[in-house]
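Step one of this worksheet: look at the structure below.
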Amino acid sequence: MIAVLRWGHRIPRDSRITTHVALTARAFGADAIYVDAEDRALEETVNSVKDRFGGNFEIRTGINWKKLIREWKGIRVHLTMYGEHIDNALPEIPKENVLIIVGAEKVPKEFYELADFNVALGNQPHSEVAALAVFLDRLLDGKGLGREFHGGAVRIIPNPRGKTVEELE
């Protein structure tokens, strides 16, 4: 199980970015995303993508983040520009039972203390969407993008010159 905790989601300010965090998590190999603020519209959007394109991705909003982090049965990785460089941290991080924490705003000091790893892609400001994509791709050795998503209504057929979508229902 690989899950993402999105902390500090502010409605409506962060709706688009949090949607991108969720879709990136799904596409790059995570099994679930948990969001601290309750946001039914976000749940509907992500579930609509899942219904259309397939997969077993789970989204839950309104999560008690402290309880989730404390009770997580595995490794907790906080993605932050202040952390240890990914190249140094990654060899120590297992590839299963990982909770990846990404913030939407300045995170409390508590996150740095509760995390097993505070990981940075580089020690410069960057997007949490980019950080999550790079981290998942590196954690899963690129295999997250190669997964097949079953149960959807459509399937994209790769096409170098346009869009080809196959209706499955």
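The values are calculated or read from the model by the stated rules, or taken from the named source; none is laboratory data. These numbers come from a predicted model, not from an experiment. Backbone-built Cβ (ideal geometry, glycine too); neighbour counts: all protein chains shown.
In region 116-134, which residue that is farther than 11 Å from Thr80 by Cα and of a type in the set (A, V, I, L, M, F, W, C) is surrounded by the fewest Cβ atoms within 10 Å (Cβ to Cβ)?
Here is the first cut: in region 116-134, the ones farther than 11 Å from Thr80 by Cα are 116, 129-130, 133-134.
If we keep only those that are of a type in the set (A, V, I, L, M, F, W, C) as well, we get 129-130, 133-134.
On the way: Val129: 18, Ala130: 13, Ala133: 20, Val134: 17.
Checking each candidate, the answer is Ala130.
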- Task: Test Leu90 against the criterion of being under 15 Å from the mean Cα position of the chain (by Cα) and not polar (S, T, N, Q), and give yes or no.
- Result: no
- Task: Only residues that are surrounded by fewer than 18 Cβ atoms within 10 Å (Cβ to Cβ), charged (D, E, K, R) and in a helix (DSSP H, G or I): list them for region 17-42, please.
- Result: Arg40
- Query: Is at least one residue of region 45-52 in a strand (DSSP E or B), touching a residue at least 24 places away in the same chain (Cβ under 8 Å) and within 20 Å of Ala130 (Cβ to Cβ)?
  - Reply: no
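Select from region 85-101 the residues that are within 13 Å of Phe135 (Cα to Cα) and either assigned to a loop (DSSP other than H, G, I, E, B) or touching a residue at least 24 places away in the same chain (Cβ under 8 Å) (or both) and list them in ascending order.
Taking region 85-101 first, the residues within 13 Å of Phe135 (Cα to Cα) are 85-91, 93-95, 98-101.
Selection gives His85, Ile86, Ala89, Leu90, Ile93, Pro94, Lys95, Val98, Leu99, Ile100, Ile101.
Restricting attention to region 1-16, and to residues there that are among the aliphatic types (A, V, I, L, M) and assigned to a loop (DSSP other than H, G, I, E, B), which single residue is farthest from the chain's Cα centre (by Cα)? Even if it seems obvious, please write down each step before you answer.
Going residue by residue through region 1-16, those that are among the aliphatic types (A, V, I, L, M) are 1-5, 11.
Remaining after also requiring assigned to a loop (DSSP other than H, G, I, E, B): 1, 11.
Numbers: Met1: 12, Ile11: 18 Å.
The qualifying residue farthest from the chain's Cα centre (by Cα) is Ile11.
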- Out of Arg147, Arg161, sole residue that is farther than 25 Å from Trp65 by Cβ, among the charged types (D, E, K, R) and at pLDDT below 90: Arg147
